[in-house]
Amino acid sequence: MSDALVLVINSGSSSLKFALMDAQTGDAVISGAGECFGRDDARMSWKVDGEKTEKTLSAGSNHHQEAMDIIVGLIESNQLSDKLQAVGHRVVHGGETFSQATLIDDAVLGQIDALKALAPLHNPAHVVGIKAARQAFPSLPQVAVFDTAFHQTMPEKAYHYAISRQLYNDYGIRRYGFHGTSHYFVSREAAKWLNQAPEQTNVITVHLGNGASLCAVKDGQSVDTSMGFTPLAGLMMGTRCGDIDPSILEFLSKKGLSTDEIHHELIDKAGLLGVSELTNDCRGLVDAAEQGHKGAQLALEMFAYRVAKYIASYMVPLSRLDAIVFTGGIGENSLPVREMILKELAIFGYQADAEANAAARFGAAGQITTQASPLALVIPTNEELVIAQQAMAMA
Ligand code: AMP
């Protein structure tokens, strides 16, 4: 273990995930999560050296603070305090204010809070986590790493919607894009794999998890991405609809659904789950599809078709494509889904290599296409490591 430990925190409104990362080796020395904060069944679990511990949190207490106290205790009891150099916070929305990881002071905390206008569920929860961490580790640098930051290099033609400029000026309505830390990481790893400088690397990164997005990375920078003003846009996802005709909202409203009900339909009841009427879990869908479940078959076909269409459209902003890069729970593990996507791209000459495709899973990276095909890679993502490294760089 090196002396470059960073505490990585992802604070949600009712949860908190943490990892004590070695920013040099990428190892998580301690990791854990708390859930159900604010309720009587709030609890926390963590792993040290593979050994798991669970604890119920006190009813009625400030659970974010209590979680932070537990983390402080774990670091002290494992004699790691001297090695801890910084705290890195995942922050969903940096708006147009933040285009890179930023050292948190009172002013920055105020700006993150103000961005709750754009991320009402996430940013206030991050602020709670940051405040608790500042109290627990007053002498350490605290660094915010934003999901949106990597996409701040998109040109205007990519991030503007074709709506009145007034809506952009008054409310900041534009494409922001998310999953930026993941797209950044796998595009850098792809450059290493290609033996090229990141600034000379053009890839399409395809993050397929329960949430899913693509990014066109030109000369190492994001030039377009599929998520938009919120993470609902773009690809079909586990339970989110992705791109749909916006008039459907008005139509449903006139049918008597409230704004909340429409939101629920599109965010929680749509995507793989909505189409299959079975599950949002890709593994379950693949098994069911093999046994002839029509809903599962259609859901997977739609998923692959839509990913392929986005990949094809991202050839436009890239003058040259070095590789397609799959990542995320589905992208890293699901051989049939990757194969279906590459089949949809046959017009460009893509062809999966069955053996190589089967080998690249459960954390293994590698090429999954034949030698005759343009290149597609699998690269496992590691957002915690990016947060740890970017926080370490500011320590
Ligand atoms: P994530 O949000 O990145 O954790 O990804 C979650 C998605 O990855 C779910 O749809 C899972 O079914 C899928 N997934 C995870 N592991 C596997 C696996 N071994 N094979 C296929 N899909 C997987």
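Just one of LEU318, LEU342 is open to solvent by less than 20 Å² (accessible area, probe 1.4 Å), over 27 Å from LEU285 (Cβ atoms) and touching a strand residue (DSSP E or B) at 6+ places or on another chain (Cβ under 6 Å); which is it?
Details: LEU342 fails: over 27 Å from LEU285 (Cβ atoms).
Within the list LEU318, LEU342, the selection yields LEU318.
Checked against (1) closer than 29 Å to ASP245 by Cβ; (2) assigned to a helix (DSSP H, G or I), GLY110 passes all but condition (1). For GLY32, the conditions (1) assigned to a loop (DSSP other than H, G, I, E, B); (2) free of Cβ contacts under 8 Å to residues at least 60 places away in the same chain; (3) within 19 Å of the chain's Cα centre (by Cα) are fulfilled apart from (1).
Okay, residues lined up against (1) away from the ligand (no atom under 15 Å from the Cβ); (2) open to solvent by less than 60 Å² (accessible area, probe 1.4 Å):
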residue	(1), (2)
GLN200	yes, no
VAL217	yes, yes
GLN221	yes, no
THR239	no, yes
GLU250	yes, no
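None of ALA356, ALA364 is within 13 Å of the ligand (Cβ to nearest atom) and more than 27 Å from GLN100 (Cβ to Cβ) except ALA364.
Looking at the stretch 368-383, is at least one residue without any contact (Cβ under 8 Å) to a residue 40 or more places away in the chain and either within 16 Å of the ligand (Cβ to nearest atom) or of a type in the set (A, V, I, L, M, F, W, C) (or both)? Within the stretch 368-383, one or more residues are without any contact (Cβ under 8 Å) to a residue 40 or more places away in the chain and either within 16 Å of the ligand (Cβ to nearest atom) or of a type in the set (A, V, I, L, M, F, W, C) (or both).
Filtered by the rule that a residue be under 23 Å from GLY366 (Cβ atoms) and within 8 Å of the ligand (Cβ to nearest atom), the stretch 281-326 gives CYS282, ARG283, VAL286. Do we have any residue at all in the stretch 318-328 that's under 23 Å from HIS179 (Cα atoms), in a helix (DSSP H, G or I) and touching a residue at least 12 places away in the same chain (Cβ under 8 Å)? Looking for residues that are under 23 Å from HIS179 (Cα atoms), in a helix (DSSP H, G or I) and touching a residue at least 12 places away in the same chain (Cβ under 8 Å), one finds at least one in the stretch 318-328, hence yes.
The values are calculated or read from the model by the stated rules, or taken from the named source; none is laboratory data. This is a predicted model, so every value here is computed, not measured. In this analysis, Cβ positions are derived from the backbone assuming ideal geometry, glycine residues included, and neighbour counts consider all displayed protein chains. Please note that ligands, DNA and RNA were not included when accessible areas were found on the heavy atoms of the full protein model with its side chains. Shrake-Rupley method; radii C 1.70, N 1.55, O 1.52, S 1.80 Å.
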